[in-house]
There are 2 protein chains.
Amino acid sequence: MAFPCLDAIESRSATLEARSDSSGPEPSYTTGATLKYRCREPLLLDWGGVLREFDIAYETWGSLNADRSNAILLHTGLSASSHAHSTEANPQPGWWENFIGPGRALDTEKYFVICTNVIGGCYGSTGPSSIDPADGQIYATRFPILTMEDMVRAQFRLLDSLGVDKLYASVGSSMGGMLSLASGVLFPERVGSIVSISGCARSHPYSIAIRHTQRQVLMMDPNWNRGFYYGRVPPHAGMKLAREIATVTYRSGPEWEQRFGRRRADPSKPPALCPDFLIETYLDHAGEKFCLTYDPNSLLYVSKAMDLFDLGQQNRLATAARRAEREAALRTRADDANALSPDPGSCTLTLPDRPYEEQPDVDDRAASAPTTTAADSGPPEDLVQGLAPLRNHRALVMGVASDILFPAWQQREIAEALERAGNRHVSHYELSEEHSLFGHDTFLLDVKNVGGRVKEFLG
Amino acid sequence: MAFPCLDAIESRSATLEARSDSSGPEPSYTTGATLKYRCREPLLLDWGGVLREFDIAYETWGSLNADRSNAILLHTGLSASSHAHSTEANPQPGWWENFIGPGRALDTEKYFVICTNVIGGCYGSTGPSSIDPADGQIYATRFPILTMEDMVRAQFRLLDSLGVDKLYASVGSSMGGMLSLASGVLFPERVGSIVSISGCARSHPYSIAIRHTQRQVLMMDPNWNRGFYYGRVPPHAGMKLAREIATVTYRSGPEWEQRFGRRRADPSKPPALCPDFLIETYLDHAGEKFCLTYDPNSLLYVSKAMDLFDLGQQNRLATAARRAEREAALRTRADDANALSPDPGSCTLTLPDRPYEEQPDVDDRAASAPTTTAADSGPPEDLVQGLAPLRNHRALVMGVASDILFPAWQQREIAEALERAGNRHVSHYELSEEHSLFGHDTFLLDVKNVGGRVKEFLG
């Protein structure tokens, strides 16, 4: 039996090997020209790491008005760059090209739209593929663990430098929908309105599981080399697999039923273990397109930050306590150079001695336990308290019934938690399967229903 | 940063390496003692391959009555052995231990229950890890492509040898639910009633996608070595990953929310890229338990057979035509030794020259296209015709609302197609989320609701 899918991987490895031998390290990841902000003030991270300085790549559309009151911060999904829309410096279409512009959802005749690459990313903002100023070497997996809130704090340093004291609105979808909420919770006085689309207020174990499998396939690629692959063949096979798994969760079963059904790529040929059905060639192609365009370590760090996301009160208080302790330690050891780097052993997690075992009473539970889902019982009080800083903000929360990665109950949870916290300005919409079968990807595609609601809400 | 999950993989590779150096090939896969049937008549397979002879491992419970009318054939899920229940020869609990026995769902005081390992598997039936009688070497990926119908034909050879002309019932869940339907469609005169739980009548592109990612992570493991790993270190890392992905689809999000929530394995430690949240250690453990117990090539062949499953009329006619052509060729070349092996190049599938591209009109489609799902429009006529051989069979079809791998609409499709074909003896039940949050795994756990319905139906 022949394995053309493996031949393709091996041939790419050989090409990349030859290229790195002849011309040194691979070019850095980019989606084109951006503006760049360098912050020279250290940034303390939620889990104790410190970035001595950092860059943020960003792009803007429209003009800041005289009283600097019309800025909208647009947050990205996991692997997106700041290039949400074409610019003069980079005329390539952006990832929200049809949602930004005169008269569009983000109306550039009214608003000054800012989009940044998150820290931890690889499109110009500081991340694992950046040089550590402490030693002039690439961070790789020496990069500290990040949270979504760390990304937001870095963004607000940029807003400081632009003289934007208060945002007209914070807008985002997917991971951006998480960041958008986090912006308001961290800086309630500096955010006017919130738009959160296909996001969540705390990560669900199913989404952690999906990201876990992506991280694992990537880390198992021998080329990953525990994160130190820069200047060598990168773990392109692991990245391809990770993207294929992600792609399974970006769309919906019913859409694939309509688009691909059970059609094989070439029905005249006998079945094969390499991609064979159209749905398989679709996934294969999605992996191929992605595998060399995004930094593998950024995928690990940013997806981990998503797992850690929890705007509940308990997590917020624990984080605040940890930060206060770390700040005190940094102050007392201010002249100790090591104080700025986290303990290199501190990110070690060994597995529990006793692995998880299925509970023996599982039959009884299946048969008799009263089961309550988050959808039934409303948002937990912990989340209501955690979102209380947003109790006076106008908020638009949108979900899509066919989304399996950020299921619609998670956006209902946001809306209900805001309302229970006392917010009377929450608009919540859920696109039914009649409106969209595009699942999680709907926010990238549906200019009419998603874009239309955003435009209406922003006014 | 430390990576205990990678250390564990490397240390297992080293252990396996040392073992294969000192004691030769690893022991064959087994779940314990079984009965064995050897068929010496060649078996022509749907895609043109031929097994000159084959073994079927099987186990039985209860006694065959005098007129041989009380036999129930129980079909397994993908990776299960014939060990559905403990036996004298193998007292270990089986995978349906609580569903079989006196007074149980499959009542051994009334019925003679037979369970087989499928061909293509590795628990005693002929599969890729078996010796090819043509050359005395292990088949590996020289094993021919299989279908579910091929597995059924092999099972009916066993029934012939046991003197069972007609089954009282064909029963199965998951892949077994597919095999159970296929048994009735292929041998309508030899099957009394049909029980199909959490199965389907044709594979859905989402389920193909999920199995595709599992095959890909396995095939990318360098130890897979294009299928020729026997006597060497097997692709245990790829198998572990494949099982973790599968496990994500076996349960449901709401169940995990209740059981694991967002709890970390050791909250006193900082986050890590290796398993960290409880849900991650659960997946890790599921992968660990599985990775050396099932033959990787069996996973590829059996999961591929599931992808190819389609009881629609078109596929059945195309298969019949292909078989007739191949049979004629085999007759005319009966004395040509090569006739019994498929052309070694015949299972090569190269990718289409132009990879799949997103349609440019996708926005319009999202906004305006009338979308019809299988659930809306009823079963396709092709499937109604394909299931017509079952129009007079009593049938029990069950689904579980929280199942994401074989979603409940697929079992509704079976029931509706049977009814449209004229069947007036269809019982269809769907367990709501109030009854079970265990998703696809419900059939293994829910003795009361699943077992109870089966018992009631069989009478």
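Throughout, read-outs are computed from the coordinates displayed, never taken from laboratory work. Every value quoted in this text rests on a predicted model; they were computed, and no experiment measured them. Cβ coordinates were reconstructed from backbone atoms using ideal geometry, including for glycine residues, and neighbour counts include every protein chain displayed.
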query: Given the Cα-Cα distance of B:K455 and B:T293 and 0.36 nm per residue of separation, how much length would full extension add, in nm?
result: 55.2 nm
field: Spacing of the two label points (7 Å from each Cα toward its C-beta) at B:I131 and B:A66, in nm
entry: 4.4
message: Quick check on region A:371-459: take the gyration tensor over C-alpha atoms, sort the square-rooted eigenvalues as a ≥ b ≥ c, and tell me if it's rounded (a/c under 1.5), prolate or oblate.
response: oblate
query: To the nearest whole percent, what portion of all C-alpha pairs in the protein assembly as shown is separated by more than 51 angstrom?
result: 20
message: Explain nothing, just compute: Karplus ³J(HN,Hα) = 6.51 cos²θ - 1.76 cosθ + 1.60, θ = phi - 60°, for every residue of region A:47-63 in order, whole Hz, x for Gly and Pro.
response: 9, x, x, 9, 9, 4, 8, 7, 9, 10, 8, 8, 9, 9, 9, x, 10
field: 5 angstrom amide H check on B:L431, placed H, neighbours 5+ away
entry: B:G399, B:V400, B:A401
- prompt: What does the average come to when, for each residue of peptide B:244-250, you count the partner chain Cβ atoms lying within 10 Å of its Cβ?
  reply: 4
- line: Taking N as the number of residues in region A:1-146, the ratio of its alpha carbon radius of gyration to 2.2 N^0.38 Å works out to 1.31
statement: Square roots of five times the C-alpha gyration tensor eigenvalues of chain A, ordered largest first and given in whole Å, equal 32, 29, 26
message: Per-residue Cβ counts within 10 Å, from other chains only, averaged over B:200-210: what number is that?
response: 6
query: Between B:S268 and B:H425, what length in nm is gained on full extension when 0.36 nm per residue of separation is reduced by their alpha carbon distance?
result: 50.7 nm
statement: Whole-Hz Karplus couplings 3J(HN,Hα) for region B:379-394, θ = phi - 60° and coefficients 6.51, -1.76, 1.60, Gly and Pro as x, run x, x, 4, 4, 6, 4, 5, x, 8, 4, x, 9, 5, 10, 8, 5
Residues A:S432, B:S203, B:S125, sorted so that the one with the fewest Cβ neighbours within 10 Å comes first: A:S432, B:S203, B:S125
query: Among rounded, prolate and oblate, which fits region A:163-273 when a ≥ b ≥ c are the square roots of the eigenvalues of its C-alpha gyration tensor, a/c under 1.5 means rounded, and a/b larger than b/c means prolate?
result: oblate
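Which of rounded, prolate, oblate describes region A:187-336, given a ≥ b ≥ c as roots of the alpha-carbon gyration tensor eigenvalues and a/c under 1.5 marking rounded, otherwise prolate only if a/b is larger than b/c? List each step's numbers first, then the result.
Details: a/c = 3.31, a/b = 1.74, b/c = 1.90.
Here region A:187-336 falls in the oblate category.
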task: Give the long-range amide H neighbours of A:G94: residues separated by 5 or more places, or on another chain, with amide H under 5 Å away, using H modelled in the peptide plane at 1.01 Å from N.
output: A:H85, A:S86
message: Cut-off 17 Å, label point 7 angstrom out along Cα-to-Cβ of B:Q92: give me the residues of region B:277-308 whose amide nitrogen falls inside.
response: B:286-296
task: Would you pull out the residues with amide H under 5 Å of A:I194's amide H, same chain only if 5 or more places away, H placed 1.01 Å from N?
output: A:S170, A:R394, A:A395, A:L396
query: Placing a label point 7 Å from Cα toward Cβ, how far apart in nm is B:D67 from its equivalents in the other copies, listed shortest first to one decimal?
result: 9.4
- line: Straight-line reach check, A:K240, cutoff 30 Å on alpha carbons, 8 or more apart in-chain or any other chain, hits among lysines -> A:K36, A:K269, A:K289, A:K304, B:K240, B:K289, B:K304
field: Sequence of B:I194, B:I145 once ranked by neighbouring C-beta atoms within 10 Å, starting from the fewest
entry: B:I145, B:I194
message: Looking only at chain A, where both bridge partners belong to it, what percent of the DSSP beta bridges are antiparallel (to the nearest 5)?
response: 35
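Go through region B:82-169 and name the GluC sites (Glu not before Pro) that are in a DSSP coil and have 15 or fewer other Cβ atoms within 10 Å of their Cβ.
B:E88, B:E109
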message: Apply the Karplus curve 6.51 cos²θ - 1.76 cosθ + 1.60, θ = phi - 60°, to the phi angles in region A:133-145 and return the couplings in whole Hz, x for Gly and Pro.
response: x, 5, 9, x, 9, 5, 4, 6, 7, 7, 4, x, 4
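When only Cα pairs under 8 Å and 6 or more residues apart are kept, what is the percent relative contact order across chain B?
About 18 percent, as a whole number.
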